[in-house]
Amino acid sequence: MNGPTQLDAWKKLHREYGRIRPLHMRDMFATDAGRFDRYSLKLNDILFDYSKNRIDEAVREALLDLAREADVEGWHERMFRGEAINHTEHRPVLHTALRNFSGDPVLVDGVDVMPEVRSELERVRELAEAIRSRRWRGASNQPITDVVNLGIGGSHLGPQMAVEALKPYAIHDLNVHFVNNIDENQINNTLERLVPETTLFIIASKSFTTQETMINADTARQWLLDRIGDEALLSHHMVAVTSNTEAAVAYGVGRENVFRMWDWVGGRYSMWSAIGLALVIAIGPDNFEDMLRGAWEADRHFREAPLQENIPVLMALLGVWYNNFFGAETHAVLPYDQNMHRFPAYLQQADMESNGKGVDRNGIPVTWQTGPILFGEIGNAGQHAFYQLLHQGTKLVPADMLVPVANFRCIARHHRALMSNILAQAEALMKGKTEAEVREELGAAGLPEEEIAFLLPYKMFPGNRPTNTFLFRTLDPRTLGTLVALYEHKIFVQGVIWNINSYDQWGVELGKVLAKGILAEIEAGRPVDSHDASTNGLINYYLGLRPKKN
Ligand code: G6Q
């Protein structure tokens, strides 16, 4: 494909956009009682309502044509079959193999990777059970009470998001911490609450070279040594997850405590692998397996459901509709569940690192918009912060709202109020508030006509702001797995339509390389003039002020 703008469906969508733009969803609902039934789908315990979108049958058909013409189905088969669709790194993209319960082989270079996947999962299970059952003992024969995941990006965000989301499923006498940042505050704040003899570090790094993770690992290692003294005992307190086994062993991690990753799993798609070790320890192997099963069910749905009933395909197409035709720059993810508070951050990486690309699969700069700016926050908190802009600002911000029907420890009064909030917000964003409604409201409140006329423009809401609602029974491991996998596939479908490679991340490299050079200059400690004036100025200012002992 040369680019989506050449496709017939794209041109048709332009015409459809001109037709639908003046229409208001409020009227579409008023004239069509079947809209909810027609534009909502179910997958297991998840209801996906996409009826509050600026679409009708003709738009949906044109969007589905776009998916057909971009060969979305051909591409997902290529992915599932293990073709090297990450063409700039010459790699297959097979996070789906990590949750493949079908019994079918998954071939990479002609070799079935499933036996390895299963045996690694079994090793993860054994380690997690040893720690959870207190069989695993630290240097002074005490059980582990605290597990610290040292990792960043894809080796951090997924497990952390899921540990938070699945808190009700975690055991209580074991704390799981995450240290991703290189600033000394985070590791200091974490370590000062812990005891070396009862702490286990997971060095989670696919490459085992990432600066942030390795500096944190060094600090953790020294902290252990200062107390435990004997290097040989470190193996009781450090395990690693990496595709660079030899580097981990050379670092001092016992070979039997190095868990494997594969280069066909991208970092931001790796929470299903041993990178999820901290999560497995927290919620237990059976719950982790339920999460994998939930993801597998989403994989099957993505692969088998016809396009018009395919949730990730529809999520993707709606995103393209607003991104490329309405000119929306952003997409908001608004979970109404405090345990999902890291979900937007997780998706931010999954989406923006995957589809934040400006060059197409042929190496040519794109002339169409690619991935949106994704942001989000817990819904209720957002309502009292940035929803003002969603309702009355000048930007169109399509949003996903996610809410469980019940919580693990449900307090009915809380939950009823929560539900009323999400439903009211989605309705208000869709309907808005007309002049007549404002007049009536202010009149009923007894305001004089002059005051009503003054307040009118401020109190009106344009509405017509699209939302998808995900309503699920409860946030259990299976549902979380399904939700995350749906988003993964949505990202993939958008990448296919935009004709970009969603699985490389060259944009992350430049800063890393420059930081290395600047670190050397900082360590040398002499004034520099090798950069632009601003960078020179900042480095020299820092060198002049930094504490001399550092
Ligand atoms: C994800 C990216 C990136 C990566 C981190 C950590 O897709 O590749 O976020 O996960 O840079 O890398 P390591 O796991 O190699 O430390």
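So which residues in segment 248-297 are over 18 Å from the mean Cα position of the chain (by Cα) and of a type in the set (Val, Ile, Thr), if there are any at all? Of everything in segment 248-297, those that are over 18 Å from the mean Cα position of the chain (by Cα) and of a type in the set (Val, Ile, Thr) turn out to be VAL249, VAL253, VAL258, VAL280, ILE281, ILE283. The residues of segment 408-434 that are at pLDDT 90 or above, out of contact with any strand residue (DSSP E or B) (no Cβ under 8 Å at 6 or more places or on another chain) and assigned to a loop (DSSP other than H, G, I, E, B) amount to a single one, THR434. Scan segment 489-542 residue by residue and report those that are exposed (fewer than 15 other Cβ atoms within 10 Å of the Cβ), small (Gly, Ala, Ser) and within 16 Å of the ligand (Cβ to nearest atom). Passing the criteria: GLY507, GLY511, ALA515.
For beta carbons closer than 6 Å, sequence separation of 6+ or different chains, a first residue in segment 195-217 that is under 18 Å from VAL258 (Cβ atoms) and a second that is away from the ligand (no atom under 14 Å from the Cβ), the qualifying pairs are LEU200/ILE144; LEU200/VAL147; LEU200/HIS237; PHE201/VAL148; PHE201/ALA220; PHE201/MET238; ILE202/VAL239; ASN216/ILE187. Scanning segment 400-455 for residues that are basic (Lys, Arg) and loosely packed, with under 15 Cβ neighbours inside 10 Å yields ARG409, ARG413, ARG416.
Of the residues making up segment 253-272, just one is closer than 13 Å to LEU127 by Cβ and either of a type in the set (S, T, N, Q) or within 11 Å of the ligand (Cβ to nearest atom) (or both), namely ASN257.
Is it fair to say ARG473 is within 17 Å of the chain's Cα centre (by Cα), more than 16 Å from the ligand (Cβ to nearest atom) and of a type in the set (D, E, K, R)? Can you show your working first?
Numbers: within 17 Å of the chain's Cα centre (by Cα): no; more than 16 Å from the ligand (Cβ to nearest atom): yes; of a type in the set (D, E, K, R): yes.
No: the conditions fail for ARG473.
Scanning segment 22-68 for residues that are free of Cβ contacts under 8 Å to residues at least 40 places away in the same chain and in contact with a Phe, Trp or Tyr (Cβ under 8 Å, 6 or more places away or on another chain) gives ARG35, TYR39, SER40, LYS42, SER51. Restricting attention to segment 78-88, the residues that are of a type in the set (Asp, Glu) and touching a residue at least 12 places away in the same chain (Cβ under 8 Å) total 0. Screening GLU89 on (1) more than 27 Å from the chain's Cα centre (by Cα); (2) of a type outside the set (Val, Ile, Thr); (3) assigned to a loop (DSSP other than H, G, I, E, B); (4) surrounded by 14 or more Cβ atoms within 10 Å (Cβ to Cβ) shows it passes everything except condition (1). Against the test of being in contact (Cβ under 8 Å) with a residue 40 or more places away in the chain, farther than 25 Å from ARG293 by Cα and among the aliphatic types (A, V, I, L, M), the options LEU150, LEU94, LEU98 yield a single qualifying residue, LEU150. Taking the criterion of being more than 18 Å from LEU486 (Cβ to Cβ) and under 17 Å from the mean Cα position of the chain (by Cα), would at least one residue in segment 313-327 satisfy it? Checked segment 313-327: no residue is more than 18 Å from LEU486 (Cβ to Cβ) and under 17 Å from the mean Cα position of the chain (by Cα). One residue is enough: does segment 223-230 have a residue meeting the conditions among the small types (Gly, Ala, Ser) and without any contact (Cβ under 8 Å) to a residue 12 or more places away in the chain? Yes, that holds for at least one residue.
The values are calculated or read from the model by the stated rules, or taken from the named source; none is laboratory data. The shown structure was predicted, so the numbers you read here are calculated from the model rather than taken from an experiment. Cβ: placed from backbone, ideal geometry, glycine included. Neighbour counts: every protein chain shown.
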